[in-house]
1. Using a 10 Å cut-off on Cβ atoms, rank the peptides 64-75, 49-60, 126-137 from the highest mean neighbour count down.
2. Distance between the C-alpha centers of region 109-141 and region 144-161? Whole Å please.
3. How large is the accessible surface per residue of region 72-228, computed with a 1.4 Å probe and reported in Å² as a whole number?
4. Please give the length that would be gained between Lys155 and Arg276 if that part of the chain were fully extended, namely 0.36 nm times their separation in residues minus their C-alpha to C-alpha distance (nm, one decimal).
5. Using helices alone, what [θ] at 222 nm do you get for the chain, with -39,500 (n - 2.57) per DSSP H run of 4 or more residues, divided over all residues and rounded to the nearest 500?
6. Stretched out fully, how many nm does the piece from His168 to Lys264 gain, at 0.36 nm a residue minus the Cα gap?
7. If you roll a 1.4 angstrom probe over the protein chains with everything in place, what fraction of the accessible area of the chain belongs to carbon and sulfur, to the nearest %?
8. In nanometres, what is the gap between the two model label sites at Val64 and Ala242, each 7 Å from Cα along Cα-to-Cβ?
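The values are calculated or read from the model by the stated rules, or taken from the named source; none is laboratory data. Here the structure is a predicted model, which means the values were calculated and not measured. In this analysis, Cβ positions are derived from the backbone assuming ideal geometry, glycine residues included, and neighbour counts consider all displayed protein chains. Keep in mind that these areas ignore ligands, DNA and RNA; they rest on the heavy atoms of the full protein, side chains included. Shrake-Rupley method; radii C 1.70, N 1.55, O 1.52, S 1.80 Å.
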Amino acid sequence: MTESSTAPTAHNRFKFSPIVDRKPLRWPNGARVAVWVIPNIEHFLFDRPSTSLVSVTASLVPDVLNYSWRDYGNRVGIWRMIEVMERYGVKGTVALNADVCGEYPQIIEAGKKLGWEWMGHGKNNSTLMAGLPEAEERQMIQEIYDVISQSTGKKPRGWLGPALSETHNTLDLLAETGFDYVADWVNDEQPYSMRVKSGRMTSIPYSVEINDIPAVLELKLSPAAFGQMIKDQFDVLYEDGAASGRVMSICLHPFIIGHPFRSKYFAEALKHITSREEVWLTTGSEIIDAYREQTK
């Protein structure tokens, strides 16, 4: 039998829940919107294709053009992101490839000084989760958990799969290891509980549209248009959040947003968001803890 024929036709991880039928969600200090910013800090292997700006070389090995374009993020882009986020009092919740800990330790040290949170984001961004045998996936997740814990001094609670990839076992293995929230499921504006075999797992809102990779590489948006998109998303969530609290994620990659002509509009978007009073600038774990406090 093929893999597709043996896969379940339903995920059975949660029940359908229309947001209009839920009890109102309230954030600390009356905030309407919980805003979390997720820098995806990643390591890419040199011997294979990956996220590319220029398609003509994307299938080459090595693809020096696109590899070095991505490498800009850790050499330059993240440091510009840090400056912009610090200017507006925003702490990052980093989606962290475990290989970053050994390859770019200066970034880890900077994040620790800033009080940023660290989520697991796979081993590197050239190795996806989909298709992994259960035993291999269990071992990989445990190694990622251990490396991040040792390098950052804190056990990671959150997880974002590389390319938001999972197997049918991923959620159970994450909970078994010690992770307790996941950003892979981009189907809501509020957290919700997920079924796992042991431990617990909560989905946190993440976005594949308020996200610089799809916006720039697929939708071909200008930096100004992407900045306006962030503002517009916030404005509507701010109005909706008066009735029941919402979560806004801003999902970014230093090799894209960290370029000067894009970071300008990222800064403008943060200035717009922080000009409103009923906003909670926060981290993934704080959002999950506030949600669980109301739903326990």
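1. Packing order, densest peptide first, comes out as 64-75, 126-137, 49-60.
2. Using only Cα atoms, the two centres lie 7 Å from each other.
3. Working: 6550 Å² over 157 residues.
Accessible area per residue, region 72-228: 42 Å².
4. Numbers: separation 121, 0.36 × 121 = 43.56 nm, distance 3.29 nm.
Gain in length upon complete extension: 40.3 nm.
5. On the way: 11 runs with 115 residues, N = 296.
It comes out at -11500 deg cm²/dmol, rounded to the nearest 500.
6. Working: separation 96, 0.36 × 96 = 34.56 nm, distance 4.03 nm.
Gain on extension, His168 to Lys264, equals 30.5 nm.
7. That fraction is 52 percent.
8. Placing both labels 7 Å beyond Cα along the Cβ direction yields 5.8 nm.
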